[in-house]
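J.: Provided herewith is a single structure, encoded as structure tokens, for subsequent inquiry.
The values are calculated or read from the model by the stated rules, or taken from the named source; none is laboratory data. Just so it is clear, the structure is predicted and the values come from calculations on it, not from any experiment. For neighbour counting, all protein chains shown are included, and Cβ atoms are generated from backbone atoms with ideal geometry for every residue, glycine included.
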């Protein structure tokens, strides 16, 4: 469903994406109009027929299967490792421990800033374990079955230490240090902004609103777990690592650093990847380990994570605690914001983004889509004896939006303006773009207010009090919740550099090559693993080159083949990768026009590429097939003057300045006062990601993200006991949403093309996940407000709801009994 | 445990004689002994359903079945539903309705729904949702899968 906004002239209906593109993107000539069409995906046919190529599918004869011995205590010294029984098993080749990897350096993610404490993440634990699931030894055997059996026989003697199981433990006086380098367990402590006069503003504000929210530890849980196959190629002297990753070049960097090799001595191949969602955008210890063992033993080594490993030792995310105060003036405008944020980052710092990734983003992006000039935030990353965190789709934005949207609902109540009006007064308006926010980020244009108005209208917000009251009269608790947000996407090197990372991602580089047949391959460092780049990138190139997208193929996921790049994460690919493809394709189109101009004796500027032919603009009589230009450029280059043809290839880079998609999400829920269960009745998204290259794929990204956000809001939680023992180690305990848990999503689009990308497209891969927790929590609280109750933590478990209702009833028994009857 | 047992199974219409350890899962037999890697293993404890195949026509989690249990039986896997050049109707519906993203869970859904539509040729939307809720997908939010199954059922009814 595509709607025109009621708002500014800058926004155009999404159905007119191709026209919008033509009007705002001088770098790509308008031609075929493939951009904006919901083409079926080029990658579907082989995936649907079981012909995909995932890492676990690869097995050459003689492969050694690697199974890990992992710590079953959260904090201990390792006194001894006895592998003798394991080594006696038939079929066992070796048991590798840290002692065998003396030359292998630990992973070390670094932020070059004084508020950050760098710590090492060893590939195998050396003398000390800091979380349950930490790898201690690797068993290598001729089958995975044999290796699993042998791993059971490896005896590890632990000297158990007190575990730091949570933030409160970690910050307590006299707490045991997870790392000696950080005696107070604080690995990051930033105050990136502290506006002068903030305290005075709070003192004199008409309204001060305060919220506390927290979010449980969760994990990305891609259906394909992590996996790798490593080999040593004697012919090239390379370690060849096939791995399920979003970031092949970053894995190459990490392996090269750890193994002390030059980067060209490491080849990383990521074939089909069964989901990543951020968990695979950092480098796993197991990837480095497999490479190290393959080099050590000169054998092919295969490791395929099982789900228990995935849920206990795979990177986790999002255990955060917010205390936020907002100062509002008498007219309901936000005039000051003060936040204290704590993130439980687990035991180690992931590479390369570090354990600061959630901490920094939380403080930097809390203000979101709202106008704000006075802000103070302190954000801390606190070490605990739990599995390390890494980015997970949206990183800290689901939490910052949760905090701000709870704040806005409270402000709407306190000021009497209501949820829609208080947001509308504070959202950045059309005429304010580009808007430089209090942190210095420059928002390109969007439809912040328009998306709110449209979403509220679609949900029937105007008639909601009546609907809700009628349901209450029947004993049913309905709630409506809204969440407005801006989705900063596609950071370039300038933005990442400001974090003071020592390895700074951001640009992307693409090579677009036409072969003598007139077909095109695109080589780029992003990594599609469900996002459909083989389709969308082909649409971009096809428009530039005037050919059918079916003639354009994508090559990715091989550091030997594609230009150096940064992979797929942070909603960057359609902007950074697509931008590089657009630029390289435009260059290649120029070469084709020049060749055609020579052959048909026209000026290059008069030549257009359309429908697979080159011709003088508007004159089909002059046309030459592009296939013929390609053949001439390669096989008959003697017909062309020097400088034309002799191959057909272009390479270009794109380093984005950042794009800002926006959306409003709205949910209607029914809460059962008896069971505490929450049922989603409706879910509405009104989003604006600029030009949609392929609207079907955009909708798919939104829907998948919303499902993950609803999972975080209602179902998913990694639980630990007080000794740091994980107790959610299967899909029986860690609940992913199923089809029965979700309604049909209603997804609507506004379209504000960005001038900052060659195509007008903005990044949009994370928005669904970002908006959903806040919309659902606000809806639950709208329902619970009718009985005087509220909840501030996600997931909202049935027991939390029942307890909140009971607590409210005990506070005001008469009132609450009346209202639930 | 490491003794091997001879088994004879028919997979996608072709009979195979194999010698397998009793503990070897059907998923491993299919994937590594018969090189049918379209069947994927997502959790190894019977929840996600990525490994769903049909055993004598009924959906089964191939991670929870041993290869020896299929001795004398007939197994269907995703490789039997169509080819990239000639998709089966359910596969066509999945691409038409964007019922897959990364594609890892997809073979399990296709096998699950194949058996479902044979048994229930004219399902209600609620029945579709209930059966799709048997398996897990982390990419799509199930929206495209539900639409694809509806479309495949409708196309079947119309033909």
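J.: Just one of A:208, A:164 is in contact (Cβ under 8 Å) with a residue 40 or more places away in the chain and under 30 Å from residue A:328 (Cα atoms); which is it? Walk me through it before giving the result.
T.: Details: A:164 fails: under 30 Å from residue A:328 (Cα atoms).
The conditions single out A:208.
J.: Wholly within the stretch A:632-706, which strands (runs of 3 or more DSSP E) include no fewer than the required count, namely at least 3 residues that are touching a strand residue (DSSP E or B) at 6+ places or on another chain (Cβ under 8 Å) and surrounded by 24 or more Cβ atoms within 10 Å (Cβ to Cβ)?
T.: A:659-671, A:678-688
Here is a yes/no grid of residues against (1) surrounded by fewer than 18 Cβ atoms within 10 Å (Cβ to Cβ); (2) assigned by TED's automatic domain parsing to the domain that holds residue A:748; (3) free of Cβ contacts under 8 Å to residues at least 40 places away in the same chain:
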residue	(1), (2), (3)
A:422	no, no, no
A:434	yes, yes, yes
A:454	no, yes, no
A:459	no, yes, no
A:463	yes, yes, yes
A:477	no, yes, no
A:481	no, yes, no
A:487	no, yes, no
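One line per residue, one yes/no per condition, for (1) in contact (Cβ under 8 Å) with a residue 24 or more places away in the chain; (2) closer than 23 Å to residue A:52 by Cβ; (3) within 13 Å of chain A (Cβ to nearest Cβ):
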residue: B:42; (1), (2), (3): yes, yes, yes
residue: B:46; (1), (2), (3): no, yes, yes
residue: B:51; (1), (2), (3): yes, yes, yes
residue: B:57; (1), (2), (3): yes, no, no
residue: B:61; (1), (2), (3): no, yes, yes
residue: B:67; (1), (2), (3): yes, yes, yes
residue: B:76; (1), (2), (3): yes, yes, yes
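J.: So, residue B:10, is that one surrounded by fewer than 16 Cβ atoms within 10 Å (Cβ to Cβ) and more than 12 Å from chain A (Cβ to nearest Cβ) or not?
T.: Yes, satisfied.
J.: Among (1) closer than 30 Å to residue A:333 by Cβ; (2) in contact with a strand residue (DSSP E or B) (Cβ under 9 Å, 6 or more places away or on another chain), where does residue A:196 come up short?
T.: In the conditions (1) closer than 30 Å to residue A:333 by Cβ; (2) in contact with a strand residue (DSSP E or B) (Cβ under 9 Å, 6 or more places away or on another chain), residue A:196 misses (2) alone.
J.: Quick test of your reading of the structure: residue B:106 fulfils all but one of (1) in contact with a helix residue (DSSP H, G or I) (Cβ under 9 Å, 6 or more places away or on another chain); (2) more than 7 Å from chain A (Cβ to nearest Cβ); (3) without any contact (Cβ under 8 Å) to a residue 40 or more places away in the chain. Name the failing condition by number.
T.: (2)
J.: Now for a different question. Of all strands (runs of 3 or more DSSP E) completely enclosed by the stretch A:193-267, which ones contain at least 3 residues that are within 30 Å of residue A:363 (Cβ to Cβ) and at pLDDT 95 or above?
T.: Of the strands (runs of 3 or more DSSP E) lying wholly inside the stretch A:193-267, those with at least 3 residues that are within 30 Å of residue A:363 (Cβ to Cβ) and at pLDDT 95 or above span A:207-215.
J.: When you look at residue A:64, is it modelled with pLDDT of 95 or more, surrounded by fewer than 18 Cβ atoms within 10 Å (Cβ to Cβ) and more than 30 Å from the chain's Cα centre (by Cα), yes or no?
T.: Details: modelled with pLDDT of 95 or more: yes; surrounded by fewer than 18 Cβ atoms within 10 Å (Cβ to Cβ): no; more than 30 Å from the chain's Cα centre (by Cα): yes.
It is false that residue A:64 is modelled with pLDDT of 95 or more, surrounded by fewer than 18 Cβ atoms within 10 Å (Cβ to Cβ) and more than 30 Å from the chain's Cα centre (by Cα).
J.: Only one of these is away from chain A (no Cβ under 12 Å), touching a strand residue (DSSP E or B) at 6+ places or on another chain (Cβ under 7 Å) and either more than 30 Å from residue A:278 (Cα to Cα) or assigned to a helix (DSSP H, G or I) (or both): B:115, B:153. Name it. Give the derivation first.
T.: Details: B:153 fails: touching a strand residue (DSSP E or B) at 6+ places or on another chain (Cβ under 7 Å).
From the options B:115, B:153, the qualifying one is B:115.
J.: Which of the residues belonging to the stretch B:118-148 are more than 10 Å from every other protein chain (Cβ to nearest Cβ) and part of a helix (DSSP H, G or I)?
T.: Passing the criteria: B:118, B:119, B:127, B:148.
J.: Condition check: within 14 Å of another protein chain (Cβ to nearest Cβ), assigned to a loop (DSSP other than H, G, I, E, B) and at pLDDT 95 or above. Does residue A:528 satisfy that?
T.: On the way: within 14 Å of another protein chain (Cβ to nearest Cβ): yes; assigned to a loop (DSSP other than H, G, I, E, B): yes; at pLDDT 95 or above: yes.
So residue A:528 fits the description; yes.
J.: Kindly indicate the residue of the stretch A:730-766 that is under 14 Å from residue A:662 (Cα atoms) and within 13 Å of chain B (Cβ to nearest Cβ) and also surrounded by the fewest Cβ atoms within 10 Å (Cβ to Cβ) among those meeting that condition.
T.: A:747
J.: Same structure again: Just to check your reading of the model, which residue among A:76, A:118, A:147 is crowded, with 16+ Cβ neighbours inside 10 Å and within 14 Å of chain B (Cβ to nearest Cβ)?
T.: Only one candidate qualifies: A:147.
J.: When you check residue B:34 against the structure, is it more than 22 Å from residue A:41 (Cα to Cα), outside the structural domain of residue B:143 (by TED's automatic domain parsing) and modelled with pLDDT of 95 or more, yes or no?
T.: yes
J.: Could you please give the count of residues in the stretch A:396-414 that are in contact with a helix residue (DSSP H, G or I) (Cβ under 6 Å, 6 or more places away or on another chain) and surrounded by fewer than 24 Cβ atoms within 10 Å (Cβ to Cβ)?
T.: Residues in the stretch A:396-414 being in contact with a helix residue (DSSP H, G or I) (Cβ under 6 Å, 6 or more places away or on another chain) and surrounded by fewer than 24 Cβ atoms within 10 Å (Cβ to Cβ): 1 in total.
J.: Among the residues of the stretch B:121-159, write down those that are farther than 22 Å from residue B:40 by Cα, touching a residue at least 40 places away in the same chain (Cβ under 8 Å) and buried (at least 17 other Cβ atoms within 10 Å of the Cβ).
T.: Result: B:147, B:151, B:152.
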